[in-house]
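Contents: one structure, followed by commentary.
What follows draws every value from the coordinates through simple rules; no lab data is involved. All values reported here derive from a predicted model rather than from experimental measurement. A quick note on method: Cβ atoms are made from the backbone with ideal geometry, for glycine too, and the neighbour counts reach across all protein chains shown.
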Amino acid sequence: MDKPMSNFHFRFMAFGFKFRDTGISPKEIVNQAGIKPGFHVLDYGCGPGSYSIAAADMVGRSGKVYALDIKPLAVKMVKDKAEKKGLKNLETLLSDCATGLPDESIDFVILYDIFHGLSEPESILQELHRVLKPDGKLSFSDHHLKKGTDQIESKGLFRLSEKKTGKKEIYTFVKI
């Protein structure tokens, strides 16, 4: 599957995200995306955890967030941030594709700024389809792609249901 970036490159990227997050609040983004209290959320390709932490705050004690990344350093960063904030509803997962989550257990998937770098996007989409509940939603954004939404719909697993433009251009897909 995908090869994780070097620790140096990841730390550099995470440092840059601190500046990004001051201009565009991750909490505003997950709110714009439609995450609600009580949701079970998967942040696929969580990186340093900006959206995972914001989502964990938003879903509250009755919800759960799974922060998944291929990079051990990313998983450690997210775990450390969650512990520091006292978030007991966030669990980290280290994987390059399979989540290990039960079928149809997730209400909402965050797939932000990662799709362009996936070597086997079809496998990832199949896994996300498997874990999403029948009425679950896939929230997608990737400014690196001009036609990323076409790739999401191309395998017949998801259908575009909404496009939101605000702080970040977000596409919402429903499971077919």
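Among residues other than residue 82 whose Cβ falls under 10 Å from its Cβ, what is the net charge (Lys/Arg +1, Asp/Glu -1)? Taking every other residue near residue 82 into account, the sum is +2. At full extension, residue 154 and residue 36 could sit 39.7 nm farther apart than now, given 0.36 nm per residue minus the alpha carbon distance.
Looking at the stretch 7-175, the DSSP beta bridges with both ends there are about 35 percent antiparallel. Taking label points 7 Å from Cα along the Cα-to-Cβ direction, residue 143 and residue 84 give a separation of 2.4 nm. Neighbours of residue 99, meaning other residues whose beta-carbon lies under 10 angstrom from its beta-carbon, give a summed charge of 0 when Lys and Arg score +1 and Asp and Glu score -1.
Full extension of the chain between residue 167 and residue 62 yields a length gain of 35.1 nm, computed as 0.36 nm times the residue separation minus the alpha carbon distance.
Less than 5 angstrom separates the built amide H of residue 92 from those of 67, all sequence-distant by 5 or more or on a different chain. The stretch 79-96 and the stretch 125-158 have Cα centres separated by 24 Å.
Here the label points at residue 28 and residue 76, each 7 Å from Cα along the C-beta direction, are separated by 3.3 nm in the simple model.
Amide H contacts under 5 Å for residue 60: 38, restricted to partners 5 or more places along the chain or on a different chain, H placed in the peptide plane at 1.01 Å from N.
Near residue 143, once Lys and Arg are set to +1 and Asp and Glu to -1 for all other residues with Cβ below 9 Å from its Cβ, the sum equals -2. The relative contact order of the chain comes to 19 percent, based on Cα pairs under 8 Å that sit 6 or more residues apart.
Footprinting exposure proxy ranking of 130, 159, fewest other C-beta atoms within 10 angstrom first, gives 159, 130.
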